[in-house]
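The next block holds one structure in the form of structure tokens; read it before the comments.
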Amino acid sequence: MSDPKDTAEPIEALLARRTDAFKRKLARQTPSDGEEVHVPVRGPIGLYIGGDPHLDNDGCDINSLLEDLDTVAETEGMYGISLGDMTDNWIGRLADLYASNEGTADDGWRLLELYGQRLKGKWLLWMLGNHDAWGRRGPIVDLIGKQSGVQRIRYEDAKLRLTGPGWSAPVRVHVRHSFPGRSVWNVTHGVQKAAQLGGWPADVLTAGHTHTHGYARIERPNGSLAHCVQVGSYKRADDYGVALNLPENRYGQAAVIIIDPDAPEDARITVHLNVKHAARMLRLLRAARG
């Protein structure tokens with residue numbers, strides 16, 4: 001019988017293969033100063049930040065969600081970012097929850113495709129949440145998103161360096177499904193913690209996951225401003241939240257970040273927690289520019 005060592009891959013070839021694998025992995029990492037995203041319109045823009053939809057959950061306010069997406073699609077200069085948990089995607093013992101839910105897993109995949117197509121190519125980013133990646137189903141969400149025209153899909157962290165025609169400086173947007181850190185007194189605690197201690201000098205930091213909403217603008221010791229946006233969820237009726245005595249938020253299922261590249265530093269970025277109102281403000285700003 002031949003010795004297995006005689007047929008093994010030569011160690012030099014193994015090292016070369018592992019070196020190439022590392023280089024490919026490294027190339028997929030976000031650059032230290034973020035991914036450059038060029039927005040092709042002049043003047044003010046709006047970033048719709050959509051909270052957790054849970055599309056196949058009976059508690060999802062699907063009509064409000066679709067109205068908001070249609071507003072984004074129809075508003076010049078407005079683009080979309082999803083914070084994840086797009087479907088329930090229950091797995092394991094949690095899959096039993098589908099028995100008490102009218103929506104099915106198959107409904108979720110179909111609604112996810114609609115969700116992607118609704119913005120007509122204006123999705124800048126989908127951030128996958130924990131529900132999206134359960135059971136190694138992240139690649140399915142990834143595939144549906146790409147087929148729907150989503151420009152980039154990330155699983156854990158996205159650092160976007162936004163630029164546009166005539167902008168004097170980029171706007172840095174740090175997106176996660178969740179930033180670590182919780183406080184019963186401040187729903188934006190995790191986002192603010194990242195703004196002050198995270199290292200990357202983001203102008204806007206935003207997350208979802210907790211189904212609560214809040215906004216804070218802070219000035220860091222170096223004088224830079226950080227807009228910390230915690231976005232809620234379109235899942236309004238939540239049995240799990242009732243069982244844990246968690247508050248059911250009526251508002252904050254989405255936010256819109258308006259960026260006016262010609263405004264003074266302390267007015268360059270404004271945050272709005274009503275999508276239709278934000279669209280009106282954006283149209284006024286763009287019209288005033290001429």
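The numbers here are math on the coordinates, done by the rules we state, and not lab data. Since this is a predicted model, take the numbers as computed values, not measurements. Cβ placement follows ideal geometry from the backbone for every residue including glycine, while neighbour counts extend to all protein chains displayed.
Top mean-square fluctuation among Ala99, Ala169, Ala278, Gaussian network model of the chain, C-alpha springs under 10 Å?
The residue with the greatest mean-square fluctuation here is Ala99.
Determine the alpha carbon to alpha carbon distance for each of Lys23/Lys122; Lys25/Lys276; Lys25/Lys120; Lys146/Lys235 and list only those over 29 Å.
Working: Lys23/Lys122 31 Å; Lys25/Lys276 41 Å; Lys25/Lys120 31 Å; Lys146/Lys235 24 Å.
Too far apart for the 29 Å limit: Lys23/Lys122; Lys25/Lys276; Lys25/Lys120.
How many percent of DSSP beta bridges within the chain run antiparallel, rounded to 5? Don't skip to the answer; put the middle values down first.
Working: 23 of 45 bridges.
Just about 50 percent of them are antiparallel.
Hey, got a sec? Which chymotrypsin sites (Phe, Trp or Tyr not before Pro) in the range 167-221 land in a DSSP loop and have at most 10 other Cβ atoms within 10 Å? Could you put the intermediate results ahead of the total?
Working: sites: Trp167, Trp185, Tyr215; in loops: Trp167, Trp185.
Sparse-neighbourhood loop chymotrypsin sites (Phe, Trp or Tyr not before Pro): Trp185.
Between Ala73 and Arg182, what's the calculated FRET efficiency when r is the beta-carbon distance and R0 is 30 Å? Round to 0.05. Provide the component values of the computation, followed by the final result.
Numbers: r = 34 Å, r/R0 = 1.15.
The formula returns an efficiency of 0.30 here.
Can you check how the C-alpha radius of gyration of the range 39-142 compares to 2.2 N^0.38 Å, as a plain ratio?
Compactness ratio reported: 1.14.
Show me the helices of the chain, taken as full DSSP H stretches, that run 20 Å or more along their long axis by Cα and average -1.0 or above in Kyte-Doolittle hydropathy. Show your work: numbers first, answer last.
Working: long enough: 11-27 (24 Å, -0.18); 275-289 (21 Å, -0.03).
Span-like helices in the chain: 11-27, 275-289.
So what's the range 34-289 giving for Cα Rg divided by 2.2 N^0.38 Å, two decimals?
After normalising by residue count via 2.2 N^0.38 Å, the value is 0.97.
Need one number: nm distance between label points at Lys120 and Arg220, each 7 Å from Cα along Cα→Cβ, rounded to one decimal.
For the pair Lys120/Arg220, the computed spacing is 3.8 nm.
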